[in-house]
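S.K.: Could you have a look at this structure, given as C-alpha cells, before my questions?
Bear in mind that the values in this text are calculations on the coordinates, not laboratory data. Since the model is a prediction, treat every value here as computed from it, not as a measurement. As a convention, Cβ positions derive from the backbone with ideal geometry for all residues, glycine included, and neighbour counts pool all protein chains shown.
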Amino acid sequence: GALLQPVFSTTPDGSRTPGANARSTVELVLGFIFALARGVVPAHNRLMRGEWAHTLGMELYGKTLGIIGLGHIGTMLAEAARALGMEVAAHSRAPKPALVERLGLRQVGLEELLRLADFVSLNLPALPGGPPLIGRKEIALMKPGAYLINAARGQLLDYDALTEALAEGRLAGAGLDVFPHEPMSLQRMEAMRHPLFSLPNVVCTPHDGGMTGEAVDRVSLMNLQDLEQFLKGERSPRAINPQVYAGGCA
C-alpha cells in the first residue's frame, strides 16, 4: 500500500538535509583546486622520496572556473571563486538570472562552459538513468590543460574517458571525491585497480565532501528537528514525500 508517513531517509541527492554540508563540500572543492594548481600531491611525494625539485604551478587569479550546477554548493563555490579573483562561468539546468547578476557570473551553455574554463567543477545531482553528463564528447570540448573536479555524484562522469584524457595529457589533472560505485577498497574491489588510480595528476578522496564536524552537526540537528516536528504532529518542509500530508497524515 501507499506509504502514509513522511519520509526523511537518504535520497540519491541527499535532499533530506538540503544545504547542511554545502559549505564543507565547497571547501573540499577549493582544496582540490589549490592542490591541482600548485601540484601539491606530486610535490609532496617527490620530497618524501628525498627529491628537492620545484613545481611550476599556476595562480588562480584571473583564471576561469566553470561551475555546472547552481544549487547551494554551486552558489557558495561561485562566491568563493569570485573572492579569489577568478572569473566564473556557470551552467544550470534552469536559468537563474537574478542569482547570476548578483554574483557577477556568466551563465552559459554547457559546451561554451567546457571550452572556456580552466577548472570545471560538477555540483549538481545525478538524474536516474541515461549517460553521464560529462563523457568523451564533453571532455573533448574542454580547454587543453584544464582540470576537472567532481565532488557531486560519480554517475555524472565517464571515468574511463577521463582516464584517457588525463593519461594522454589533454587534461592537466582531476580532483575526485565521488565514484560510480561506492564504497571502494584496495583489498576487495576490482575498481581500485582501474588505471585512473595510478595517474600522478589525480587527487582522490573517499566521498569526504560533507565530512566535517560542523556539517555532521548540522545534518544531525536537521534530522532531529524533522523527528521532533513529526512527533508533534507538525509538517516538515524537508519530507521527501510531502504528498502524504494531503491524505490527512499530520
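S.K.: Based on a Kirkwood Rh over C-alpha pairs, give the Stokes-Einstein translational diffusion coefficient of region 37-113 at 10 °C and viscosity 1.306 mPa s in µm²/s. If you can, show how the numbers build up before the last one.
M.R.: On the way: Rh = 14.2 Å.
Taking Rh from Cα pairs, D becomes 112 µm²/s.
S.K.: Counting other Cβ atoms within 10 Å, keep those with at most 16, restrict to DSSP loop, and tell me which GluC sites (Glu not before Pro) in region 113-180 are left. Don't skip to the end; give the middle numbers.
M.R.: Values: sites: E138, E164, E168; in loops: E168.
Those that pass, being in a loop and sparsely packed, are E168.
S.K.: Follow-up question, since we're still on this one. Could you tell me whether region 65-204 comes out rounded, prolate or oblate from its Cα gyration tensor? Rule is a ≥ b ≥ c as square roots of the eigenvalues, rounded for a/c under 1.5, then prolate if a/b exceeds b/c, otherwise oblate.
M.R.: Numbers: a/c = 1.94, a/b = 1.65, b/c = 1.18.
In terms of gyration-tensor shape, prolate.
S.K.: Residues with amide H under 5 Å of T205's amide H, sequence separation 5 or more or different chain, H placed in the peptide plane at 1.01 Å from N; which?
M.R.: So T205 has HN proximity to L176, D177.
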